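Readers should treat all values here as calculations from the given coordinates under stated rules, not as data from a laboratory. Predicted model, so just to flag it, every value in this text is computed and none were measured. Glycine gets a Cβ as well: all are built from the backbone with ideal geometry, and neighbour counts include every protein chain shown.
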Amino acid sequence: MTAAQADLQIDRPATADGAALWRIARDSEALDLNSSYSYLLWCRDFAGTSAVARDERGEPVGFVTGYVRPERPHTLLVWQVAVDGAYRGRGLAASLLDQLAARVHREHGVTSVETTITPGNTASERLFASFAERHGAALEREVLFPAGLFPDGPHDPEVLYRIGPLSV
Ligand SMILES: CC(C)(COP(=O)(O)OP(=O)(O)OC[C@H]1O[C@@H](n2cnc3c(N)ncnc32)[C@H](O)[C@@H]1OP(=O)(O)O)[C@@H](O)C(=O)NCCC(=O)NCCS
């Protein structure tokens, strides 16, 4: 058992966890904060392709949200990853990703992961580069959404990370 898992449990989100996921995303000050409604909906409809880490009281302290791409049914798109500030740097995000990848491989036959990262988000770049290394997978990068596509003011480009095939 890793340090990250010693007093934490990783499982699927329940609808009621949506509020806590919204708060963690808000407090991260790094993620685009979506509406609280979207986190509630996600926890209802995409629980099977998402994961949450809970403290000893069952409160979420970190999460990964994702979905299986409708036109690429063996690809998991990781939408957001965040860990509460007090729990960072102990391998929790890595464990969340590893456990989710194993689950979606088992249940959906997923063999590759995609995510987008804004340039300069070093923690996130490292998280996904290490994930690729641990799973013996190639990692390709290309700009998916250039800055000019965003309608709501200045926004960094979103770079697509394509990781696969995974040994899970
Ligand atoms: C990104 C984030 C989820 C990482 O969570 P975490 O639990 O601290 O990450 P881990 O401890 O599992 O570390 C995973 C890897 O990232 C590296 N890492 C973590 N934080 C880092 C930092 N601030 N700077 C550089 N590398 C970092 C770790 O060293 C580790 O790499 P390694 O396996 O090669 O040693 C967390 O910092 C966070 O919530 N950030 C704000 C939200 C965000 O930016 N999300 C990502 C975009 S979707």
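Below are the figures for this structure:
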{"item": "Pairs, first in contact (Cβ under 8 Å) with a residue 40 or more places away in the chain and under 14 Å from Arg72 (Cβ atoms) in segment 110-123, second away from the ligand (no atom under 12 Å from the Cβ) and assigned to a helix (DSSP H, G or I), C-beta under 8 Å, six or more apart", "result": "Val110/Ala101; Val110/Val104; Thr111/His105; Val113/Ala101"}
{"item": "Selection status of Ala82, within 14 Å of the chain's Cα centre (by Cα) and more than 21 Å from Arg12 (Cβ to Cβ)", "result": "no"}
{"item": "Per-region count, segment 119-161, residues assigned to a loop (DSSP other than H, G, I, E, B) and in contact with a Ser or Thr (Cβ under 8 Å, 6 or more places away or on another chain)", "result": "5"}
{"item": "Residue selected from segment 115-129 under the condition under 23 Å from Gly148 (Cα atoms) and among the small types (Gly, Ala, Ser), by the criterion nearest to the ligand (Cβ to nearest atom)", "result": "Ser124"}
{"item": "Test: residue in segment 46-60 that is within 13 Å of the ligand (Cβ to nearest atom), surrounded by 18 or more Cβ atoms within 10 Å (Cβ to Cβ) and either free of Cβ contacts under 8 Å to residues at least 40 places away in the same chain or more than 13 Å from the chain's Cα centre (by Cα) (or both)", "result": "yes"}
{"item": "Residue in segment 79-88 that is within 12 Å of the ligand (Cβ to nearest atom) and part of a loop (DSSP other than H, G, I, E, B) present", "result": "yes"}
